[in-house]
Amino acid sequence: MKVKQATFAAFMCVAALAACGPQPSATTEPEATLAMEAAAPAVFIGTWAADAAGCQIPQEQAGAPHVFAADRYDQHEAHCTFASVNQTAPNAWRIEGACSVEGDEQTATWDLVVDGDTMTMAPNTQRLVRCP
């Protein structure tokens, strides 16, 4: 019985010490990405274009469709990793990200509103349709 008590006491000491240690960074890349994927609403995820014909344009060409994943955005020569995805209203999100656009590093903010297979993307107020 004393061995069990000693083992339990040692476990509690280790647990107490671990709780006093530094907390893991909230921006740890893999954990942050996994949390975003779990929380990201699936409704904006997909490929979107100005019209059905735009869905056929390859990513190597200007005018290629916009591709949204849970944690990133790609369109032709623009590639972004999301820093935050916040739902602002039903079917509406504000997304902030770090981007490389034609090799130039910059930040971006999108406001997305999805209505069925149509999405409005600001700041440029683009109306997009979901690609099949």
Review point. Can we say Q5 is loosely packed, with under 15 Cβ neighbours inside 10 Å, at pLDDT below 90, polar (S, T, N, Q) and over 22 Å from W110 (Cβ atoms)?
Key: yes
Check your understanding: Taking strands (runs of 3 or more DSSP E) that do not extend beyond segment 38-132, which have at least 2 residues that are touching a helix residue (DSSP H, G or I) at 6+ places or on another chain (Cβ under 7 Å) and touching a residue at least 60 places away in the same chain (Cβ under 8 Å)?
Key -> 46-49, 104-115
Practice item. Can you tell me which residue among A89, A83, A42, A53 is exposed (fewer than 14 other Cβ atoms within 10 Å of the Cβ), of a type in the set (A, V, I, L, M, F, W, C), farther than 19 Å from R130 by Cβ and out of contact with any Pro (no Cβ under 9 Å at 6 or more places or on another chain)? Key: A89
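The values are calculated or read from the model by the stated rules, or taken from the named source; none is laboratory data. Fair warning: this is a prediction, and the values are worked out from it, not measured in the lab. Note: ideal-geometry Cβ built from the backbone for every residue, glycine included; neighbour counts use all protein chains shown.
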